[in-house]
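For reference, the structure discussed in these notes is given below.
The values are calculated or read from the model by the stated rules, or taken from the named source; none is laboratory data. Since the model is a prediction, treat every value here as computed from it, not as a measurement. All Cβ positions, even for glycine, are placed from backbone atoms using ideal geometry, and neighbour counts span all protein chains on display. Remember, those area values only see protein heavy atoms, side chains included, never the ligands or the DNA or RNA. Shrake-Rupley method; radii C 1.70, N 1.55, O 1.52, S 1.80 Å.
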Amino acid sequence: MFHREGFNIITIASILIVAGILLTDTYISTPSTQKIIQILLLIAFLAVLQFFRNPKRKTVENDHHIIAPVDGKVVVIEEVFEPEYFNDKRLQVSIFMSPINVHVTRYALSGEVIYSQHHPGKYLFAWHPKSSTENERTSVVIRNNTFGKVLYRQIAGAFARRIVNYATVSNTVVQGGDAGFIKFGSRVDLFLPLNTKLHVKIGDKVKGGEQIVASK
């Protein structure tokens, strides 16, 4: 199953791969060279397919849990001052996605979207400390009955040139639902209340839509 954001790219890639294979058959006479080029084209196509994969996840909805919004590795856990929306201290949990991770963003909790903002910016590597405030990014705040207001931020990386954000102000969203997509390597930050109990540590690999990141 593939994410809808990849349909056009997969279609174009399919046409180019078929055209490339036909052209090598027509214009390259050396069989070994033909095979090498065709294998490389197929590998490139498989790479496109794996990037846009959208595996089904079994989300167990629970207002007392915050689940991982994406697949990836926990790279930051720290108390920070959040200046964009809260203007106070929050517990930041950051998950880095490599190009081989699933890049679907899922809602970490259910509630009402009360803030959704896109910010143009730089394309520093997503693990860089300043990427959270200087890179291209979207910030979304969800108001939840248990946790109050929680902000998550999709951050573009050095190779990610497009962030897709489905969160619209006043919409009610469901935990585990499709919140967007980031193309091609990036990071998501969660900004949680300070009294939130964490279930992850730095270096942990998490599974979006299923794994519990925090509770209350």
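Listed here are the pairs 89/183; 183/205; 56/149; 89/149; which of them are more than 23 Å apart at the Cα? Table pairs above 23 Å Cα-Cα are 89/183; 56/149. Within the accessible area of the chain, what % is carbon and sulfur when the probe is 1.4 Å and the other protein chains stay in place? Result for the chain: 60 percent of the exposed heavy-atom area is carbon or sulfur.
Peptides 170-179, 44-53 ranked from most to least packed by the mean count of surrounding Cβ atoms within 10 Å: 170-179, 44-53.
As a rough guide to protection, the peptides 88-100, 10-22 ranked by mean Cβ packing within 10 Å, highest first, stand as 88-100, 10-22.
Sorting 28-35, 66-73 by their mean Cβ neighbour count within 10 Å, with the most densely packed peptide first, gives 66-73, 28-35. Straightening the chain between residue 145 and residue 44 buys 31.8 nm, computed as 0.36 nm per residue apart minus the Cα-Cα spacing.
Between helix 7-27 and the chain there is an angle of about 20 degrees, using the helix long axis and the longest principal axis of the Cα atoms.
Converting phi to 3J(HN,Hα) with the Karplus coefficients 6.51, -1.76 and 1.60 and the offset θ = phi - 60°, region 72-87 yields x, 10, 6, 10, 9, 9, 6, 7, 9, 8, 9, x, 6, 10, 7, 6 Hz in sequence order, with x at every glycine or proline.
Put simply, the amide H of residue 57, placed in the peptide plane, has no neighbours under 5 Å, leaving out anything fewer than 5 places away on its chain.
A Förster radius of 30 Å, combined with the Cβ-Cβ distance separating residue 64 from residue 166, puts the computed FRET efficiency at roughly 0.75. Protein heavy-atom accessible surface, 1.4 Å probe, per residue over the chain: 50 Å².
Dimensions of region 72-115 based on its C-alpha atoms, expressed as ranges along the principal axes with the largest first, amount to 35, 26, 15 Å. Taking the charge dipole of the chain about its Cα centre, with +1 at Lys and Arg Cβ atoms and -1 at Asp and Glu Cβ atoms, the residue from 6, 202, 111 reaching farthest to the positive side is 202.
If you average the sequence gap of Cα pairs under 8 Å that are 6 or more apart and divide by the length of the chain, what percent do you get for the contact order? Walk me through the intermediate numbers first.
Numbers: 502 pairs, mean separation 54.7, N = 216.
So the answer I get is 25 percent.
Computing Rg and Dmax of the Cα atoms in Å for the structure here picks out one of (i) 18.8, 63; (ii) 19.6, 68; (iii) 18.4, 55, namely (ii). For the set 152, 85, solvent exposure ranked by accessible area (probe 1.4 Å, protein chains only) runs largest to smallest as 85, 152. From helices alone, the chain scores -7000 deg cm²/dmol at 222 nm; the rule is -39500 (n - 2.57) for each run of n ≥ 4 DSSP H residues, then divide by the residue total.
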